[in-house]
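Here the structure comes first, spelled out in structure tokens, and everything after it is commentary.
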Amino acid sequence: MRIEEVKVMRKVRIGPIVYQIVEVDGLKENGRGLFGEVKYGSCEIRVEGRNCGQQKRQTIWHEVVHIILTQVGLAKDAGREGLVDSLAYGMLQVVQDNPWLVKAFEEDDAG
Ligand SMILES: [Zn+2]
């Protein structure tokens, strides 16, 4: 993999592990372009930096679903890209179209 540019975005806690979200321009695996990938060993979610913001958000959700399924012992399902993608698109749509839902969690955290 050739990394042309790396930009650190945010962190996301999934289960007991905090993953660093990193933007990489020219993300590839075996010569094939990728939208994203999880590096479990280094606790990173890598996202193609040249994609538009909407696609980056979808990719982050996609990788989050991979991680959740892996953590709960459903590694076989974690490898089903169609399942992972459909869950990621569904969750992204619900969060985008219902911002009150996310705010309600923030308000709960505030006490
Ligand atoms: Zn995937």
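The values are calculated or read from the model by the stated rules, or taken from the named source; none is laboratory data. A quick note: this is a predicted structure, and the numbers were derived from the prediction, not measured. Using ideal geometry, Cβ is built from the backbone for each residue, glycine included, and neighbour counts are taken over all protein chains shown.
The combined condition, being within 15 Å of the ligand (Cβ to nearest atom), closer than 20 Å to Gly15 by Cβ and surrounded by 14 or more Cβ atoms within 10 Å (Cβ to Cβ), is not fulfilled by Glu48.
Only one of these conditions is not met by Ile3: (1) modelled with pLDDT of 95 or more; (2) in a loop (DSSP other than H, G, I, E, B); (3) of a type outside the set (S, T, N, Q). Which number is it? Of (1) modelled with pLDDT of 95 or more; (2) in a loop (DSSP other than H, G, I, E, B); (3) of a type outside the set (S, T, N, Q), only one is false for Ile3: (1). Of the listed requirements (1) over 12 Å from the mean Cα position of the chain (by Cα); (2) more than 19 Å from Val95 (Cβ to Cβ), Gly53 misses just one: (2). Of the set (1) modelled with pLDDT under 95; (2) within 13 Å of the ligand (Cβ to nearest atom); (3) of a type in the set (A, V, I, L, M, F, W, C), all apply to Ile68 but (1).
Within region 11-32, residues that are at positive phi sit with their Cβ atoms under 6 Å from residues that are surrounded by 11 or more Cβ atoms within 10 Å (Cβ to Cβ) and outside any loop (DSSP other than H, G, I, E, B), at 6+ positions apart or across chains, in these pairs: Gly15/Gln71.
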